[in-house]
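The values are calculated or read from the model by the stated rules, or taken from the named source; none is laboratory data. Being a predicted model, the structure only gives us computed values, none of them experimental. For neighbour counting, all protein chains shown are included, and Cβ atoms are generated from backbone atoms with ideal geometry for every residue, glycine included. Keep in mind that these areas ignore ligands, DNA and RNA; they rest on the heavy atoms of the full protein, side chains included. Shrake-Rupley method; radii C 1.70, N 1.55, O 1.52, S 1.80 Å.
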There are 2 protein chains.
Amino acid sequence: MPVSIEDVARKANVSISTVSRVLNRRNLVNARTRQRVERAIKQLHYRPNIFARGLMLQKSEMVGLVLPDLHGEFYSEIIRGANQEARELGYNLVISSAKDSDDTQSLLEGIQQRSFLDGVAIMVSEVTGGMQELLVDFAVPFVVLDGKVDGAMHDSVVIDQGEGARAMMRHLVNTCGMQRVFFVGGLRTNVDTIARLEAHQQVLSEAGIEHGPLDIYHLDYEYDTAYALATDNIHDWAGPNRCVFAANDEMASGIVDAAAAAGVAIPDDLGVVGFDDTRVARITRPPLTTVRVPMFRMGAEAIRLLCARVADPMCHPTAISLHPQLVIRKSCKCELDA
Amino acid sequence: MPVSIEDVARKANVSISTVSRVLNRRNLVNARTRQRVERAIKQLHYRPNIFARGLMLQKSEMVGLVLPDLHGEFYSEIIRGANQEARELGYNLVISSAKDSDDTQSLLEGIQQRSFLDGVAIMVSEVTGGMQELLVDFAVPFVVLDGKVDGAMHDSVVIDQGEGARAMMRHLVNTCGMQRVFFVGGLRTNVDTIARLEAHQQVLSEAGIEHGPLDIYHLDYEYDTAYALATDNIHDWAGPNRCVFAANDEMASGIVDAAAAAGVAIPDDLGVVGFDDTRVARITRPPLTTVRVPMFRMGAEAIRLLCARVADPMCHPTAISLHPQLVIRKSCKCELDA
DNA sequence: TAATTCACTGAAAGCGCTGTCAATAGTCAA
DNA sequence: TTGACTATTGACAGCGCTTTCAGTGAATTA
């Protein structure tokens, strides 16, 4: 049933070498012969066997994208960017995600083991020792997304979390005049959370505002838990010149809704700001002041970098840093509202 | 640099056949020999070459997922479901999307041409003649998602759009007592839109409610355009026992927000309902009455079906029908609000 | 005219692996 | 002790393709 290069050769009355040349370096073969071969290919519905070809070329033209999760717009945008770039560069995109870091590790081990990918872009939510070790001499070319794995030795595309978070905090403190900023982050070990929290602390210190661990909450980036937390605490939080800085829009949105349910006015009684500028930030009432993270671009840049490395495995590691952008909407009660 | 089966064989002092047997059908080789081979494999960091293996087996253990778009939660959930199922079944998931149907067609042609996938799950937003023709003797096993391609000859997993839309319309007319229901859909050619519009017409007719083409709008499933449309029309729409049935939550959300901006109260002055039950449906104020579409399950079922077919290419085509579910929230002014 | 180049083509050597087949050694019933 | 088995292993023929390398005849140059 499957038609091979040999069948084509026979039909076109040439050798398989010639057929192969038509397929790969067309200019090496006489125009008339080429036509004959091309006709045979079409008539026979010939499709070169990808494995045989890969066996020779040791290239699959596939790159992987490993994400810590696929849930929500954040990842979906990364995928979208990666997909676009991959198609543009003629690569296929293999996507996988794993629940926790152990699972991610076994996923990567699998990829390495079976190594059918020319390269892989890796994003992890937290880095275990095992992961770090695994990557040190990972057999497949890779780039790291979102800078969770420590850098320099490999390509990476990071978002300057600190910069974004500091911009937000400075806006809250300097422009909106906030005197107390609660922080609601993800897991304590989550690197994003850590960076944002650092910015939180730093800017408060700079401004000479007292702050303590009691104003800091660690959740899981989900709407529901944030809603629950806010429901319990909203009346303690509320007050003039007070604000909640949530580490993503989902949680911020949950807090806003909890506030609305409890009769606390946003931003008059309490400011609430988010991070990521996802869909929900615009839809939440009032729309959220947040930090736009260029997710689509991150996905695209990662694949671009990856394919460059695949093409030249020895090229010098590059680190691309993407800059987040403060997006001021209606949830932080600043002068710009006008 | 790359270590082959031969290196392992040499190191373990056996033939490559034996190494191969250790790799594939371990029980055929003596326990002591096997240990020796396994040690060599480990020491040499040997990883079997996927291409050479594929060349013999003609299996890549990769399945594709072709989507019309990657934007938004709808697709992201499908991917999530597909990814989970694929991992469970030991397959890798290759994802691609194409902008329009021409692009999709060329994508599929590419997949067929290079055929490195054991199978592919295909979802298209509309079906052109070329596409239909292409699929008739598509060389790669496939299943069709969301029933856009006409069925029976191949596996498919569809969502009974009509059922969901009718349930919604009956709820609006019978329970909420709506006397006039505007319809805001996607493109005229979009199959989802067609199914939902049909339900709209049918239920209105059943209820003996007059309805004409003027109450029907065709947009693009996006928030912004719906917002704009609603801004222009909101005062014409508003009125007792009137309602807008938007073909997805995004548009419904845009309409709700436009209404809020124009001072039209939802649902008191106008009901607004959506479709899909995505994130925005819950976050919109008031939260949207909508139809929940089991996207995650659709992705998972598609891959399950696909892998079954890959395992047995001759098995009888199955059609899985998933049932949407009416989700009543606060945007439709029904008695259940109480 | 002879020597050299050129454009094109075919033969054949693998790429790394799996599976068939035959060979060997060891076991067991007779 | 012998023949019939069984368990274990190795040799080797491909899988379908790309890529040297070595022709072939025609065109160009000396």
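Tabulated data for the structure shown
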read-out	value
Residue with peak Gaussian network fluctuation, chain A [Cα springs, cutoff 10 Å], from A:SER106, A:SER125, A:SER17	A:SER17
Overall dimensions of the range B:5-57 by Cα: Rg and Dmax, Å	10.5, 30
Beta bridges per DSSP with both ends in chain B, % antiparallel, nearest 5	10 percent
Straight-distance crosslink candidates among aspartates and glutamates, where the alpha carbon sits under 12 Å from B:LYS333 and sequence neighbours closer than 8 are dropped	B:ASP268, B:ASP269
Inter-site label distance for B:ASN27 and B:ASP69 at 7 Å from Cα along Cβ, in nm	5.2 nm
Size of electric dipole in the protein assembly as shown: Cβ of Lys, Arg +1 and of Asp, Glu -1, about Cα centre, debye, nearest 20	3500 debye
Net dipole in debye of the range B:5-57 [+1 Lys, Arg Cβ; -1 Asp, Glu Cβ; about Cα centre; nearest 20]	220 debye
Overall form of the protein assembly as shown per C-alpha gyration tensor (a/c, 1.5; a/b vs b/c)	oblate
Using a 7 Å Cα-to-Cβ projection, A:ALA228 label spacings across copies, nm, ascending	4.2
For B:GLY119, residues with placed amide H under 5 Å, excluding near neighbours	B:GLY64
Residue-averaged [θ]222 nm for chain B, counting only DSSP H segments that reach four residues, each worth -39500 (n - 2.57)	-14000 deg cm²/dmol
Per DSSP, loop GluC sites (Glu not before Pro) in the range A:203-292 with at most 12 further Cβ within 10 Å	A:GLU210
Pairwise centroid distance, computed over Cα atoms, of the range B:24-75 with the range A:82-160, Å	18 Å
Cβ-derived FRET efficiency at R0 51 Å, B:ARG292 paired with B:MET314, nearest 0.05	0.90
Cut-off of 10 Å, at most 15 other beta carbons, DSSP loop: longest stretch of chain A lacking such trypsin sites (Lys or Arg not before Pro)	A:189-338
Per-residue average of Cβ from other chains inside 10 Å of A:81-89	2
Debye-sum result for the range B:145-215 in log10 I(q)/I(0), which assumes one identical scatterer on each alpha carbon, at q = 0.20, 0.21, 0.25 Å⁻¹	-0.83, -0.89, -1.11
The range A:171-225-the range A:285-317 distance, computed between alpha-carbon centres (Å)	26 Å
Mean Cα-pair separation over length for chain A, i.e. relative contact order, pairs under 8 Å, 6 or more apart, %	18 percent
Label zone at A:LEU214, where the point sits 7 Å out along the Cα-to-Cβ direction: the range A:239-271 residues whose backbone N lies under 19 Å	A:239-245
Distances in nm from B:ASN241 to the matching label points in the other copies, shortest first (labels 7 Å along Cα to Cβ)	5.6
Peptide-level mean, for B:69-76, of C-beta atoms on other protein chains within 10 Å	5
Per-residue ³J(HN,Hα) for the range A:244-261, Karplus 6.51 cos²θ - 1.76 cosθ + 1.60, θ = phi - 60°, Hz, x for Gly and Pro	10, 9, 8, 7, 8, 5, 4, 5, 4, 5, x, 5, 4, 5, 4, 5, 4, 4
Residue (of A:SER96, B:LEU197, B:PRO324) at the positive-pole extreme of the protein assembly as shown, dipole from beta-carbon charges	A:SER96
For the range B:28-120: relative contact order, % (alpha-carbon pairs under 8 angstrom, 6 or more apart)	35 percent
Cβ-isolated cysteines (cut-off 4.7 Å), chain B	B:CYS243, B:CYS307, B:CYS315, B:CYS332
Taking the range A:5-57 and dividing mean pair separation by its residue count, relative contact order in percent (alpha carbons under 8 Å, at least six apart)	35 percent
Inter-chain shielding of B:90-99 (mean C-beta neighbours from other protein chains, 10 Å cut-off)	5
Spin-label pair A:MET153/A:HIS323, simplified geometry with 7 Å Cα→Cβ offset, distance in nm	3.1 nm
Ratio of Rg to Rh over chain B (Cα coordinates, Kirkwood Rh, two decimals)	1.15
With every protein chain in place, chain A: carbon and sulfur % of accessible area (1.4 Å)	51 percent
Residue with peak Gaussian network fluctuation, chain A [Cα springs, cutoff 10 Å], from A:THR225, A:THR193, A:THR18	A:THR18
Relative counts (whole %) of C-alpha pair distances in the range A:190-338, using bins that are 5 Å wide	2, 9, 16, 19, 18, 13, 8, 6, 4, 3, 2, 1, 0
GNM flexibility winner over chain B from B:PRO141, B:PRO267, B:PRO48 (Cα, springs under 10 Å)	B:PRO48
Karplus-derived 3J(HN,Hα), 6.51/-1.76/1.60, for each residue of the range B:153-165, Hz, glycine and proline x	7, 9, 5, 7, 10, 10, 10, 6, 3, x, 4, x, 5
Chain A Cβ-axis minimum, rotational copy B, residue and distance in Å	A:SER76, 2
